[in-house]
1. Using the 7 Å Cα-to-Cβ label point, sort the distances from A:HIS323 to its equivalents in the other copies shortest first and give them in nm to one decimal.
2. Can you run phi through the Karplus equation (6.51, -1.76, 1.60; θ = phi - 60°) for segment A:109-121 and list ³J(HN,Hα) in whole Hz, with x for Gly and Pro?
3. Would you mind checking B:LYS229/B:LYS267; A:LYS202/B:LYS278; A:LYS202/A:LYS256; A:LYS198/A:LYS332; A:LYS126/B:LYS87; A:LYS320/B:LYS5 for any pair whose Cα atoms are more than 28 angstrom apart?
4. Report the local net charge at A:ILE69: Lys and Arg +1, Asp and Glu -1, summed over other residues whose C-beta lies under 11 Å from its C-beta.
5. Using R₀ = 30 Å, calculate the FRET efficiency as 1/(1 + (r/R₀)^6) where r is the Cβ-Cβ separation of A:MET1 and A:LYS87; round to 0.05.
6. Return the sequence-ordered ³J(HN,Hα) values of segment B:257-272 in whole Hz as given by the Karplus equation 6.51 cos²θ - 1.76 cosθ + 1.60 applied to θ = phi - 60°, using x for Gly and Pro.
7. Quick one: with label points 7 Å out along Cα→Cβ, list the inter-copy distances for A:SER16 in nm, shortest first?
8. I need the fraction of alpha carbon pairs in chain B separated by more than 29 Å, rounded to a whole percent.
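Here, each number is a calculation from the coordinates, and none is a lab measurement. All of these numbers come straight from a predicted model, not from anything done at the bench. FYI the Cβ positions are ideal-geometry reconstructions off the backbone, even for glycines, and counts take in every protein chain you see.
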Number of protein chains: 2
Amino acid sequence: MATLKDVARLANCDVSTVSRALNNTSYVHPDTKARILEAVKELNYHPNVITRSLHQGKRRTIGVIVPKIQLSVFGDVILGIQQEARKNGYATLISSCGEDEKLEKDELNRLREGFVDGLIIAGTGKNTRLLRDIHAGGIAMTQIVRFSDNSISSVDVDYELIGYQATQYMISKGCRQIGLINGPDYISPYKGRLLGYKRAMKENDLDILTVELPSVNRGTGYGHDCAEKLLDMNSMLDGILTATDGQGLGALRALKENGIRVPEQMKVISMTGHEIGKMLETTLTSMELPAIEIGETAVRITLEEITCMNDANLRKTRYKPKHVTLEATLEKRESC
Amino acid sequence: MATLKDVARLANCDVSTVSRALNNTSYVHPDTKARILEAVKELNYHPNVITRSLHQGKRRTIGVIVPKIQLSVFGDVILGIQQEARKNGYATLISSCGEDEKLEKDELNRLREGFVDGLIIAGTGKNTRLLRDIHAGGIAMTQIVRFSDNSISSVDVDYELIGYQATQYMISKGCRQIGLINGPDYISPYKGRLLGYKRAMKENDLDILTVELPSVNRGTGYGHDCAEKLLDMNSMLDGILTATDGQGLGALRALKENGIRVPEQMKVISMTGHEIGKMLETTLTSMELPAIEIGETAVRITLEEITCMNDANLRKTRYKPKHVTLEATLEKRESC
DNA sequence: CTGAAAGCGCTTACAG
DNA sequence: CTGAAAGCGCTTACAG
């Protein structure tokens, strides 16, 4: 790889002049500039962004940690993140860690070591201390979707409200025996949905019915198995709420296998809507999250913090986390 | 952020000693080491990997460019890539560029500038020159799934064979009027599938039937619309082959909307199988790709090339691209 | 065992 | 308009 020095030699001038010419950072004589540009072309020179960042103290890179990308909101959130980051000249380093606390820890430790200026994370919730540590160490940070620390900025939706609205809607459609397929309490979206579901059920004097199966992967297979379990638990079941589209898919399949017609005999709502819902054989009524917007907003907040840390004046003002809550919307389709 | 210098000052020794202690690169007196470790802890020092790479001349990072991640093989391929990269202490920089040639070009140019040691790419096929250029500039490179340049290593599957096998299987199930939903010819997997389809149809003296609609996004909606178009084009249609699961999903939906039963009246096969296929209401018969393995293999090949470039002796031997072809398997499910 | 020095590729005051 | 020099944070021969 050609370096600045090579270019300078060929163009017969100093590296500093080359640097100036290439960055337009001060006037360079047209002739000199022409020679330099020619040399650049001839040597096929490409500046090394990494070393450049050494001086600016910034890498113009944002790290992103999510549990999964395939068949999940995070796939779309990432789209928003990449879009907005690019627009601002930032690269993104994306890492999916599943629900693996240890792996997440490793990734965090790796990213903190000079890879990124900022971090956007939807994590396991188990590394909160480490997150605070990294944040205190001068890396901007924003939590998305999953919320675990009040002292760090966040972008998410009101999951309690989502749970409540989905349940209310299902009740308004005549369901009385409604089962919830969800995930572990210690992850905020699951907890929120559960609370909202409980509130709605209570207001309507209905009985709570939840399942939980041992599994780390809460996707399609999980939805399928939980739906079967619910069917076992309550023969009068007339509604199934799932946390995600993946689970909804699995539930629809389980119902089909059991010869139960949707929505006639059973209604289904997914609480994390997604492109796929409207293309299923039985389209899935769901709460659609503004995934792209979540991603974009998270980048914006993160960049603000980065700018703030760079600016000596601003730095004096104490850091105040920003918490943004976006709205989900009910998409009525065939399943309920 | 604390630097080496800060640690050295606090531990009362030279930066070089600190460096040695931290990297275990030569013996350091236990007392000194203890002091250093203490200082590291007190200052919460974390080495700056980026500047370190300045010396090693390596960033231990692999860039990945794919067209999309959500609802696509690439989502799973990425899993394999991240897994294998991590195992070898490499970070991955993932970028999805859709079918946007210009965006892809920008991303490539950005990545080449010191971000990565190697590049794994499934691209638009429109930036082949640039790819060769980057490769020649000393960045290891492997093409995956989409193949566009013989001089660069590759990992993919035999799409022609996939198209052929899928078609043959469908014919063996009694289909005679088989339509193909695919994508543009200039992208190798689409081309391969088309050729295989044609070969099988020809061998059986059947008529070719393909659709193409104007669209950049060849996902669920595209599958849906193309299926409708096929239905229009041939009222005797009894089989639909789709390039991807996303398209398969859309096709199944379109058939449902038209009151056509699968597989009784119409058979459907997707030629890029995926987790989702087995959880649909009508499970989707498909050619399953070894996505994870594709990702892992690509990383392995890329790392070999990186190692090779680092090693002065090996460098002398001329670069020879490696081309690996993996096998797809037919998963028989309900739709055919 | 550990300093002092040079260097990785680049940027940026400082002179002139 | 453009050199020469210092420095970003770290590593690594070279002495001692």
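1. Ordered by increasing distance: 5.8 nm.
2. Coupling constants for segment A:109-121: 5, 6, 5, 5, 7, x, 7, 9, 8, x, 9, 10, 9 Hz.
3. A:LYS202/B:LYS278; A:LYS202/A:LYS256; A:LYS320/B:LYS5, as the Cα separations exceed 28 Å there.
4. Net of charged neighbours comes to 0.
5. Computed FRET efficiency for A:MET1 and A:LYS87 comes out at 0.60.
6. Result, rounded to whole Hz: 4, 8, x, 9, 7, 10, x, 4, 9, 8, 9, 9, 10, 9, 9, 9.
7. For A:SER16, the other copies' label points sit at 2.8 nm, shortest first.
8. In whole percent, the share of Cα-Cα pairs in chain B beyond 29 Å is 49.
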